[in-house]
Amino acid sequence: MPPSSIVKILPCDRLWPLHTAMATRRIEQACAAALPAHTLMRRAGDAVARLSRALAPHATHVWVAAGPGNNGGDGLEAAAQLQMAGLQVSVTWLGDAARAPADAKDALERAQAAGVRIEAQLPGDAVECDFAIDALLGIGLGNSTAREPTGALLAAVQRLNRIGAPVLAVDLPSGLAADTGHATANACVRASHTLSLLSLKPGLFTASGRDHAGTVWLDTLGCNTAPEAADAWLQGVSNLPPVARAHAGHKGSFGDVAVVGGARGMRGAAWLAARAAHAAGAGRVFVDSLDATPDATAAVDPLRPELMFAAGWCERDAEALKHSTVVCGCGGGDAVRRVLPRLLSRVPRLVLDADALNAVAADASLLALLRQRRERQQATVLTPHPLEAARLLGCSAAEVQADRLHAARRLVAMTDCVVVLKGSGSVIAAPGEVPHLNATGNGSLASAGTGDVLAGWLGGLWAQAGATGDAFVDAFRVAARAVAEHGAAAEPECPGALRAGDLIEILYRRSRGFA
């Protein structure tokens, strides 16, 4: 069991505030100023030592890789406390006593007094240890890719990744950017566990963070100073209340969803979205296929015949447009451009995915219509993956992935819409809202059709929330719920991909309270 002051973060059972490296430094400065000298570092070292013993209760030999700054000081303090607890501890310290920060120098002296073996050289590959601690950089790297570990720091990172024993990262895996989760494959520690100190950092939960941080823990070190405003919020699914359905309701009480997509060769995408909207609880679901030459088999879903095929629905039924939630773009191909102006102008609740997003990216007039929707009290949720986001922003997918929170904020500013930037740690952002990072899901969702399922599930939830006619009924919160539930349906992680059709059934069963 972990020490009582240390909390395991995932699975996420509440909203957790996330703070950037800059905000964390302000928290650290405020906490240190309120305490006697060296107290904060000693608390940090104590937390690292206690969690190490809880994670590896039978370990006898611990190796600490300590950097030249205060993260290294945390490691030295932990080494001193582990040595005094009877473990055999060796430290590779890459610092210089003459140049070390005051706290780190104090920790060095305490480690030396405790009898810790401190060397400047890395242990050879033949040296065995039961447990390793990464105290090289923490948030000291910042977010500059130009400052990735080099020289002795890089060698220490690579040695940690070859150690063959569990690795606990102090505050952040060395080489991982605190704000963005950016990591370079050969210059970032791949930890088994990470103990985040004082605050949780966004980079632990998005981009490459989940792959490098392992199990994330938090210790606030007993600091009770005035909190910094959250830069983002980490969300799970358990903090979301259930969707209520009135006993006297009927199918018209829960809204209509129209899925507009499914061009020739891509009909399956539209049907997946429609099935998901129906499973989410929408009262009625229509499929408006953009296939110019549909055959008889396109007019019915044999798995869910209750879904209604309605070719040309979005062009012929002007009144229905005013009262429906529309999911547009799933398998839409180039044909989606023809119907987008009408949908952008008339639909109160619109989810744009896939080819609809590509159409907007390629046509400035469509982007102008999209931006005007909020002024007309029409709400829109965009659900791009990184490449679709890059097309909208006029940059590369690598640039989007390098700073996913920033990319989501740019999309919000550009479109005036709610944005779900999909990927590891999906970002949900909206005008006037602090972004959410989603903590649910795993790599099994990297499967064809799961994005169509998300768009449909979101539309189905939104149709129920918006059945009163208010276009802005919880668009941001409905999107956050949909993303959280979509990810949670893939848990616990199993080998291989989760098929999109199976994902819908899991979502349905969980929404009904079935295990």
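The values are calculated or read from the model by the stated rules, or taken from the named source; none is laboratory data. Predicted model only: the values in this text are computed from it and were never measured. For neighbour counting, all protein chains shown are included, and Cβ atoms are generated from backbone atoms with ideal geometry for every residue, glycine included. Quick note on the areas: whole protein, heavy atoms, side chains included, nothing else; ligands and nucleic acids left out. Shrake-Rupley method; radii C 1.70, N 1.55, O 1.52, S 1.80 Å.
One table, with the values for the structure above:
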read-out: Residue that is modelled with the lowest pLDDT, among those in the stretch 117-146 that are over 22 Å from LEU197 (Cα atoms) and within 30 Å of the chain's Cα centre (by Cα); value: ALA146
read-out: Counted residues, the stretch 480-515 - those being assigned to a helix (DSSP H, G or I) and either touching a Pro at 6+ places or on another chain (Cβ under 7 Å) or under 18 Å from HIS385 (Cβ atoms) (or both); value: 8
read-out: Residues of the stretch 359-374 classified as out of contact with any helix residue (DSSP H, G or I) (no Cβ under 6 Å at 6 or more places or on another chain) and without any contact (Cβ under 8 Å) to a residue 40 or more places away in the chain, total; value: 6
read-out: Check on ASP96, under 25 Å from LEU153 (Cα atoms), assigned to a helix (DSSP H, G or I) and not polar (S, T, N, Q); value: no
read-out: Residue count for the stretch 261-293, restricted to those that are modelled with pLDDT of 90 or more, under 18 Å from ASP334 (Cα atoms) and open to solvent by 60 Å² or more (accessible area, probe 1.4 Å); value: 0
read-out: Residue count, the stretch 88-118 (criterion: small (Gly, Ala, Ser), within 19 Å of CYS129 (Cα to Cα) and surrounded by fewer than 20 Cβ atoms within 10 Å (Cβ to Cβ)); value: 2
read-out: Residue check, HIS436 in contact with a Leu (Cβ under 6 Å, 6 or more places away or on another chain) and either open to solvent by 10 Å² or more (accessible area, probe 1.4 Å) or over 16 Å from SER511 (Cβ atoms) (or both); value: no
read-out: Qualifying residue in the stretch 239-260 (condition: within 18 Å of the chain's Cα centre (by Cα) and of a type outside the set (A, V, I, L, M, F, W, C)); value: yes
read-out: Number of the condition not met by GLY432 [criteria: (1) in contact (Cβ under 8 Å) with a residue 24 or more places away in the chain; (2) under 29 Å from GLU375 (Cβ atoms); (3) among the small types (Gly, Ala, Ser)]; value: (1)
read-out: Selection count, the stretch 407-423, where residues are in a helix (DSSP H, G or I) and either of a type in the set (Ser, Thr, Tyr) or touching a residue at least 60 places away in the same chain (Cβ under 8 Å) (or both); value: 1
read-out: Options GLY496, GLY466: the member that is open to solvent by less than 20 Å² (accessible area, probe 1.4 Å) and of a type outside the set (Phe, Trp, Tyr); value: GLY466
read-out: Residue within the stretch 412-426 that is touching a His at 6+ places or on another chain (Cβ under 6 Å) and hydrophobic (A, V, I, L, M, F, W, C) present; value: no
read-out: Qualifying residue in the stretch 462-472 (condition: within 18 Å of GLY181 (Cβ to Cβ), touching a Lys or Arg at 6+ places or on another chain (Cβ under 7 Å) and either not small (Gly, Ala, Ser) or not in a loop (DSSP other than H, G, I, E, B) (or both)); value: no
read-out: ALA114 vs. criteria closer than 21 Å to LEU195 by Cα and over 37 Å from the mean Cα position of the chain (by Cα); value: no
read-out: Helices (runs of 4 or more DSSP H) (entirely within the stretch 1-87) containing at least 1 residues that are farther than 18 Å from LEU197 by Cα and open to solvent by 30 Å² or more (accessible area, probe 1.4 Å); value: 70-84
read-out: Unique match (being out of contact with any helix residue (DSSP H, G or I) (no Cβ under 7 Å at 6 or more places or on another chain) and of a type in the set (Gly, Ala, Ser)) among GLY164, GLY138; value: GLY164
read-out: Checking SER426 against (1) among the hydroxyl-bearing types (Ser, Thr, Tyr); (2) closer than 28 Å to ARG510 by Cα; (3) open to solvent by less than 10 Å² (accessible area, probe 1.4 Å), the condition it does not meet; value: (3)
read-out: Filter pass, ALA98 being without any contact (Cβ under 8 Å) to a residue 12 or more places away in the chain, over 30 Å from PRO227 (Cβ atoms) and hydrophobic (A, V, I, L, M, F, W, C); value: yes
read-out: Residue match in the stretch 168-181 (condition: within 25 Å of the chain's Cα centre (by Cα), of a type in the set (A, V, I, L, M) and open to solvent by 40 Å² or more (accessible area, probe 1.4 Å)); value: no
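Residues checked against (1) in contact (Cβ under 8 Å) with a residue 40 or more places away in the chain; (2) under 30 Å from TRP233 (Cα atoms); (3) basic (Lys, Arg); (4) touching a Ser or Thr at 6+ places or on another chain (Cβ under 7 Å):
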residue	(1), (2), (3), (4)
ALA155	no, no, no, no
ILE163	yes, no, no, no
ASP171	yes, yes, no, yes
ASP179	yes, yes, no, yes
ARG190	no, yes, yes, no
